[in-house]
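Note sheet for the following structure.
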Amino acid sequence: MRGSAMGLGDFLISGFFPGPSPCARRQTTFPANAGLINGWMMTSAEFKCARLRLGLTQSQMGKALRLSGDPARSVRKWEQGEREISGPVSLAVEHLLEQQR
């Protein structure tokens, strides 16, 4: 992350939502050294928190990730834990979050 000691979890949960964050309510935590380089893989709850942090619907998130077919369906399956979130998808989500800063 560019010039910041803030971990991905801090970034996702910090100050975006008015009142308590929906991610914080679920007590979703992220490793301080989050990132694919450190072997961390995104969970379904973390993926959903990232989407909410980006302010995107499931369909918009799917399109932002350039998914084909029914993008909202893939996002929904990741968020419900029905499908494992691949490394490239985790990396793309991290990139979207970095661009939002």
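Bear in mind these aren't lab numbers, they're just calculated from the coordinates by the rules spelled out. Please read these numbers as outputs of a predicted model, since none were measured by experiment. With ideal geometry, Cβ positions are generated from the backbone for all residues, glycine too; neighbour counts draw on all protein chains shown.
Rounded, prolate or oblate: pick one for the stretch 42-98, where a ≥ b ≥ c are the square roots of the eigenvalues of its C-alpha gyration tensor, a/c under 1.5 means rounded, and failing that, prolate if a/b is larger than b/c, else oblate.
Here the stretch 42-98 falls in the rounded category.
Sort THR57, THR43 so that the residue with the fewest other Cβ atoms within 10 Å of its own Cβ comes first and the one with the most comes last.
THR57, THR43
Could you work out how far apart the two model spin labels at ASP70 and ALA92 are, taking each label as a point 7 Å from the Cα in the direction of the beta carbon, and quote it in nm?
1.8
When you count, for each residue, the other Cβ atoms within 10 Å and take the mean per peptide, how do 80-87, 61-68 rank with the highest first?
Descending packing order for the listed peptides: 61-68, 80-87.
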